[in-house]
Each structure stands twice: as C-alpha cells, then as structure tokens.
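Written out below as structure tokens is the structure these notes cover.
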Number of protein chains: 2
Amino acid sequence: MEIKVMKNILNSNQDKANEIKDYLKEKKVLMVNLIGSPGAGKTTLLEKTLEHLKGKYSIAIIEGDVATDRDARRLQKYGCPIVLINTDGACHLESISIQNALHEFDIDSVDIIFVENVGNLVCPAEFDIGEFSKIAVLSVTEGDDKPEKYPLLFREAKLLLLNKVDLMQFTDFDKESFSKDVQTLNGQLPVIELACRNNEGIEPWINWLEEQVTKIKG
Amino acid sequence: MEIKVMKNILNSNQDKANEIKDYLKEKKVLMVNLIGSPGAGKTTLLEKTLEHLKGKYSIAIIEGDVATDRDARRLQKYGCPIVLINTDGACHLESISIQNALHEFDIDSVDIIFVENVGNLVCPAEFDIGEFSKIAVLSVTEGDDKPEKYPLLFREAKLLLLNKVDLMQFTDFDKESFSKDVQTLNGQLPVIELACRNNEGIEPWINWLEEQVTKIKG
C-alpha cells in the first residue's frame with residue numbers, strides 16, 4: 001500500500017513534467033533548472049546572467065526557496081517577472097508548482113525561463129519539472145569528490161558549471177581527479193569554469209545558453 | 001489516505017528515535033548528529049576530532065552517504081569501528097538505520113558516537129535519529145545568508161560550527177549579518193569558528209564535546 005502511494009505521487013510529477021515540456025516546446029521557450037548545494041552560487045550566477053542578457057532576450061524567473069524571499073529580492077532589480085515558490089521546508093521543486101508558476105507569465109513573450117531550485121545536491125535531481133535541461137552548479141570550495149558522492153545530478157545534467165574557481169588556489173581541490181570522476185559518470189557532460197563574483201567565465205555560459213535558444217527557436 | 005501513510009512513517013521514525021535515546025542514555029553514550037551541506041567540511045572535522053580524541057575516549061562512527069565509501073575510507077586509519085550507511089540515493093538518515101548500525105558496536109565500551117549525516121542542509125534536520133544533539137556544520141564559503149534561508153537546522157541544533165573561516169577574507173561573508181540572523185533564529189545557539197584544514201578552532205569544539213561527555217557520564 002505505501003509503495004503504491006509513492007508511485008502515484010512520482011507518476012503524477014512526471015505526467016505534469018511531460019505536459020510542461022510539450023507546452024514549452026510549442027511556445028519555443030527554453031527553461032533550465034539550476035541545481036546545486038546551498039551557497040554554490042546559483043543566485044549570483046543568475047545576477048550576472050541577467051546583466052548580460054537583458055535587452056537581448058525576454059527572461060522570466062522561478063525561484064525555489066525553503067523560506068524567505070532573499071534570492072527573489074536580489075533579482076528584482078533586473079526587471080524580469082519573478083515567481084517565488086516558498087516550499088515551506090520541502091527540499092525540492094515539483095512540476096505542479098512549476099505549472100502554476102508558468103500561468104503567471106505572459107508566455108508568448110518569454111524566451112528563457114531560469115528555475116533556481118532549492119539549494120540541495122540530492123533531492124532536486126530526482127524530480128523532473130519539465131525543464132529543457134538540468135544544470136549542475138558546483139563550487140570548488142565544496143570539494144572535488146562531490147560528483148562521485150552525489151552522482152545522480154551529474155548523470156542527469158546537460159551542463160556542469162564549476163563556480164568559485166578564483167578560490168581554487170586556497171583549497172585542496174584536485175582538478176584532475178574531479179575531471180576523471182565527471183568523465184566516468186557522464187562522458188557527454190560539458191564543464192564550464194566560472195568565478196561569477198568576478199565575472200570570470202560568464203561568456204562561455206552565455207554562449208551555451210544562446211546555442212540552446214537558437215536550437216529551440218529553430 | 002495519503003496523509004495517513006506519511007504520518008505512520010514519521011511516527012515510526014520518531015518512535016525508534018525515542019528508543020535509541022533511552023538506550024544510549026542507559027549506556028551513557030554521547031551520540032551527535034553532524035548535519036551540513038555537501039562540502040561543509042564534516043569529514044575533515046571528524047578527521048581532526050579523531051586525531052585529538054584518540055586514546056582518550058572510545059569512539060564509533062556512523063557514516064551516511066548517498067553513494068560510495070569515500071568518507072568512511074578517509075576515517076579508517078583512526079582505528080575506530082565505522083558503520084557505513086549507503087542510502088542509495090536517499091537524502092537523509094532515519095532512525096531504523098541507526099538502530100541497525102548500533103548493533104554493530106560493542107556499545108558498553110563506547111563513549112562517543114559521531115554520525116555524519118548525508119550532505120544536505122534541508123532533509124536531515126527533519127528526522128530525529130535519537131541523537132543527543134544535532135550539530136550544524138556551515139562553511140563561510142556557503143554565504144552568511146544560509147541560516148535564514150534554511151532555518152530548521154539552525155533552530156534544532158545545539159551547536160553551530162562555522163568552518164573554513166580561513167577563507168572568509170576571500171568571500172563576501174558578512175559576519176555581523178550572520179550573527180544577527182543566528183541570534184534571531186536560536187538565541188541559545190553557541191557558535192564555534194573553525195578552519196579544520198589548518199587545525200584552527202579545534203580546541204573549543206573538543207572542550208564542548210568533553211563537557212557533554214561529562215554531563216552524560218554524570
């Protein structure tokens with residue numbers, strides 16, 4: 001009995017995710033799902049990204065947070081529509097919340113939706129929210145062993161952003177070991193190194209985004 | 001119906017946690033539950049702690065990991081009994097696994113049990129595992145806003161270890177804002193600053209542990 005209930009919940013999440021995928025495909029909107037530990041730098045990444053893309057694309061944001069509107073407030077100044085989903089303690093976003101959030105946007109005028117998931121390297125990787133791709137955000141201060149220790153996200157992701165590389169010199173981060181582990185988990189996974197705070201590495205990330213938008217717009 | 005099933009699961013976790021609490025109290029064993037994000041420095045903290053305490057106390061370790069035995073292998077050289085709980089993707093430890101793990105120790109000869117929970121600032125805080133206290137491990141590279149953004153752990157914890165303070169000068173960490181938030185969430189919460197990698201701040205942490213052992217041994 002208990003297992004059945006879990007299955008129903010998971011199926012319903014995947015069903016809604018599939019509906020969202022079809023809807024965004026039809027509307028030619030790129031939606032990416034940013035996943036990483038607390039403090040990996042997801043909000044700072046979004047700040048820098050919005051600075052680069054404003055005026056060029058029409059962008060909307062879905063902010064997932066356990067509590068507070070701190071991240072949403074940080075992004076307010078860029079003038080994009082933002083929906084904040086306060087999970088009230090829950091550890092990940094699900095597709096039903098995303099579907100509700102999408103209704104708040106004038107979708108026909110949107111090119112890119114950034115979803116900042118709850119800061120968590122484990123649970124958000126398990127839940128499809130209808131995104132075009134999951135993007136793993138990892139900071140070097142978390143350590144080179146994290147892909148092997150939390151493998152699901154790195155298997156599922158279409159891009160890995162390695163952030164805070166400006167701090168690498170002050171840590172024991174072993175880049176060779178890191179790259180070997182990533183290669184073993186997901187040989188297809190491109191890695192872009194960034195130091196968002198100092199605007200390093202933003203260009204390759206913007207290029208990646210623009211390539212995806214071009215693909216989707218067809 | 002669905003809500004009932006969830007309640008049963010939660011109750012069963014709390015029931016087992018209460019059994020464990022009674023058992024450890026009777027056996028006069030201190031069990032602490034280390035909780036923090038991936039890369040907060042929990043395993044390095046344990047390495048330094050074992051170096052300091054070996055020969056003085058009899059210690060046992062329960063390692064929670066989503067995948068791999070990397071952390072358990074790092075601790076093997078200290079010669080303590082270690083039980084590794086591979087959660088196979090699950091995001092936190094539950095009391096039933098802890099109860100099974102405790103059977104593996106010669107409990108009458110154990111003074112302290114360190115549980116290293118799965119790297120996750122959200123879910124482990126929700127699950128009592130029968131510990132004497134939850135200890136929050138946060139690294140300054142995660143940012144000063146984390147207590148307010150992930151409040152449950154900081155409300156539940158009996159001690160906050162602020163790690164990687166050697167890197168504070170290279171970050172935007174605002175200590176005043178951090179302390180204010182912690183004070184608001186949990187006015188009773190002592191904070192110890194550490195840089196485990198450089199052996200800074202280990203002494204106050206060891207003192208805290210020894211005080212708890214003394215309390216328990218009575």
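Here are the numbers:
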read-out: Selection within the range A:111-145 - open to solvent by less than 10 Å² (accessible area, probe 1.4 Å) and aromatic (Phe, Trp, Tyr); value: A:Phe114
read-out: Conditions (1) more than 10 Å from chain A (Cβ to nearest Cβ); (2) open to solvent by 10 Å² or more (accessible area, probe 1.4 Å); (3) in a helix (DSSP H, G or I): number failed by B:Gly187; value: (3)
read-out: Residue tally, condition facing chain A (nearest Cβ under 8 Å) and part of a helix (DSSP H, G or I), over the range B:166-181; value: 3
read-out: Residues being open to solvent by 40 Å² or more (accessible area, probe 1.4 Å) and among the aliphatic types (A, V, I, L, M) - total across the range B:190-217; value: 1
read-out: Top-ranked residue in the range B:65-78 [being surrounded by 16 or more Cβ atoms within 10 Å (Cβ to Cβ) and more than 11 Å from every other protein chain (Cβ to nearest Cβ); ranked as farthest from the chain's Cα centre (by Cα)]; value: B:Tyr78
read-out: Count - residues of the range B:78-101 that are hydrophobic (A, V, I, L, M, F, W, C) and out of contact with any strand residue (DSSP E or B) (no Cβ under 8 Å at 6 or more places or on another chain); value: 3
read-out: Qualifying positions in the range B:89-117 - touching a Pro at 6+ places or on another chain (Cβ under 9 Å), more than 14 Å from every other protein chain (Cβ to nearest Cβ) and in contact (Cβ under 8 Å) with a residue 40 or more places away in the chain; value: B:Phe105, B:Val110
read-out: Enumeration of residues in the range B:123-140 that are within 14 Å of chain A (Cβ to nearest Cβ) and touching a residue at least 60 places away in the same chain (Cβ under 8 Å); value: B:Pro124, B:Ala125, B:Phe127, B:Ala136, B:Val137, B:Leu138, B:Ser139
read-out: Lone unmet requirement of (1) without any contact (Cβ under 8 Å) to a residue 60 or more places away in the chain; (2) closer than 19 Å to A:Gln212 by Cα for A:Gln76; value: (2)
read-out: A:Ala90 being over 30 Å from A:Gly218 (Cβ atoms) and out of contact with any helix residue (DSSP H, G or I) (no Cβ under 8 Å at 6 or more places or on another chain); value: yes
read-out: Out of B:Glu26, B:Glu19, sole residue that is assigned to a helix (DSSP H, G or I), touching a residue at least 24 places away in the same chain (Cβ under 8 Å), surrounded by fewer than 21 Cβ atoms within 10 Å (Cβ to Cβ) and over 18 Å from the mean Cα position of the chain (by Cα); value: B:Glu19
read-out: Some residue of the range B:45-61 being closer than 23 Å to B:Tyr150 by Cα, open to solvent by 10 Å² or more (accessible area, probe 1.4 Å) and either more than 16 Å from the chain's Cα centre (by Cα) or at pLDDT 95 or above (or both); value: no
read-out: Hits in the range A:146-165 - residues which are open to solvent by less than 20 Å² (accessible area, probe 1.4 Å) and at the interface with chain B (Cβ under 9 Å from one of its Cβ atoms); value: A:Lys146, A:Lys149, A:Tyr150, A:Pro151
read-out: Evaluation of A:Asn120 against (1) within 14 Å of chain B (Cβ to nearest Cβ); (2) not in a loop (DSSP other than H, G, I, E, B) (one fails), failing number; value: (2)
read-out: Matching option when the condition is touching a His at 6+ places or on another chain (Cβ under 7 Å) and at negative phi, among B:Phe105, B:Phe132, B:Phe127, B:Phe114; value: B:Phe127
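The values are calculated or read from the model by the stated rules, or taken from the named source; none is laboratory data. These numbers were taken from a predicted model, which means no experiment stands behind them. With ideal geometry, Cβ positions are generated from the backbone for all residues, glycine too; neighbour counts draw on all protein chains shown. In case anyone asks, the SASA skips ligands and DNA or RNA and just uses the protein heavy atoms, side chains included. Shrake-Rupley method; radii C 1.70, N 1.55, O 1.52, S 1.80 Å.
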